[in-house]
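Have a look at the structure below before the remarks.
The values are calculated or read from the model by the stated rules, or taken from the named source; none is laboratory data. Treat the numbers as computed from the prediction; the structure is a model and nothing was measured. Every residue, glycine among them, receives a Cβ derived from its backbone with ideal geometry; neighbour counts consider all protein chains shown. Ligands, DNA and RNA are excluded from the accessible area calculation, which covers all protein heavy atoms including side chains. Shrake-Rupley method; radii C 1.70, N 1.55, O 1.52, S 1.80 Å.
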Amino acid sequence: MIAQRPNVLITACIAGFVSTKLFGDPKVLMVSKILWLLWSCDELFRGVNPWRRSLGLLVGTATIFWIAAT
């Protein structure tokens, strides 16, 4: 298989990030952070290889620090 369908959660995360940059609303920012946490937990627990699980851990940790900083 050369390509696969994109992950729905990562698509929602990217849309949330773009919406945050466009609108700057605190509610949109919180939804974006929640989406990133959901995606990172999904990758951490259901990742298909160690790289994806490590990426989930890294993004989850970064998102928690991002939440704590605001």
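Here are the numbers for the structure shown:
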| read-out | value |
| --- | --- |
| Leading residue by the ranking (modelled with the lowest pLDDT) among those in the range 10-28 that are over 16 Å from I64 (Cβ atoms) and open to solvent by less than 50 Å² (accessible area, probe 1.4 Å) | I10 |
| Hits in the range 7-40 (condition: basic (K, R) and farther than 20 Å from L57 by Cβ) | K21, K27 |
| Only one of V31, V48, V59 that is in contact with a Ser or Thr (Cβ under 7 Å, 6 or more places away or on another chain) and either without any contact (Cβ under 8 Å) to a residue 24 or more places away in the chain or surrounded by fewer than 11 Cβ atoms within 10 Å (Cβ to Cβ) (or both) | V59 |
